[in-house]
Amino acid sequence: SQQGEEDPQALSIQEGENATMNCSYKTSINNLQWYRQNSGRGLVHLILIRSNEREKHSGRLRVTLDTSKKSSSLLITASRAADTASYFCATVNSGNTPLVFGKGTRLSVIA
Amino acid sequence: ETGVTQTPRHLVMGMTNKKSLKCEQHLGHNAMYWYKQSAKKPLELMFVYNFKEQTENNSVPSRFSPECPNSSHLFLHLHTLQPEDSALYLCASSDRGSGELFFGEGSRLTVL
């Protein structure tokens, strides 16, 4: 299965702290993507990292990819209460099969 | 606003009802998807359409019937559902070349 597995399942931090979430997957990928979901809403694409990239930045987001370990991490710096949401990783393999998601990490940022 | 609109946002139905969920995308994408999101479970891919042709059906029960009349519209017809089918149903679209999915806000379905 291409399913990404996020770790931890839940994370609670104070506003201003950094939040790190991890994702592991099982097979070779074309790219890995991170999404965010506010409670009861749709998912929003955050960032895509290709298999030949090791790190990517977007604003306060930093994503790393280690294909040898089949893992990725999402770092949110200087967190805000508005970052409270669930975060999901998903992978696309070389055959471009549809994204398969994990259960996500629930992030709570306390003001 | 993601460019993907789902209606209705909330639906309550009995097990003998027939209802439909609608999804429309204004992004010019050529692939559309239905996902099911239940509490404490990963998002489950249900159906995929590429250029109006169904390319994925992940062993979904026949009480869920998708329809894709054109590349901008996707329906999920619901018939004789079970209470365990209560979930958030998410529609998404993509340009197959990019892989990035654009999701609608979802339709919250409750089956009584």
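In chain B, which Cys residues have no partner Cys with a Cβ closer than 4.7 Å?
Lone cysteines by the Cβ rule: B:Cys68.
For B:Met46, what residues show an amide H to amide H distance below 5 Å, using hydrogens built from the backbone and excluding near sequence neighbours?
Excluding prolines and chain starts, which carry no amide H, the hits are B:Trp34, B:Tyr35, B:Lys36.
Separation of region B:68-112 and region A:57-111 by C-alpha centroid, Å?
Result: 23 Å between the Cα centres.
Across region A:16-29, in residue order, what do the Karplus-derived ³J(HN,Hα) couplings come to in whole Hz, using 6.51 cos²θ - 1.76 cosθ + 1.60 with θ = phi - 60° and x for Gly and Pro?
Whole-Hz 3J(HN,Hα) from phi for region A:16-29: x, 7, 8, 10, 10, 10, 10, 9, 10, 9, 10, 10, 4, 10.
Report, in debye and to the nearest 20, how large the dipole of the protein assembly as shown comes out about its Cα centre when Lys and Arg carry +1 and Asp and Glu carry -1 on their Cβ.
Details: 24 positive and 20 negative charges, 42 e Å.
It works out to roughly 200 debye.
Could you size up the charge dipole of region B:57-112 around its Cα centre, putting +1 on the beta carbon of Lys and Arg and -1 on that of Asp and Glu, and report it in debye to the nearest 20?
With only Lys, Arg, Asp and Glu charged at Cβ, the dipole is about 100 debye.
Give the lysines whose C-alpha is closer than 21 Å to that of B:Lys22, dropping any in the same chain fewer than 8 places away, or say none.
Partners found: B:Lys36, B:Lys52.
So how do A:Phe101, B:Phe102 line up by other beta-carbon neighbours within 10 Å, fewest first?
Least crowded to most crowded, the residues run B:Phe102, A:Phe101.
Note down the relative contact order for chain A as a percent, whole number, built from C-alpha pairs under 8 angstrom at least six residues apart.
For chain A, the relative contact order is 39 percent.
Hey, in the GNM for chain B with a 10 angstrom Cα cutoff, which one of B:Met15, B:Met32, B:Met46 fluctuates hardest?
In the Gaussian network model the winner is B:Met15.
How do A:Ile13, A:Ile76, A:Ile110, A:Ile49 line up, fewest other C-beta atoms within 10 Å first?
Starting with the residue having the fewest Cβ neighbours, the order is A:Ile110, A:Ile13, A:Ile49, A:Ile76.
Where a number appears in this text, it was derived from the coordinates with a stated rule and is not lab data. All values reported here derive from a predicted model rather than from experimental measurement. For neighbour counting, all protein chains shown are included, and Cβ atoms are generated from backbone atoms with ideal geometry for every residue, glycine included.
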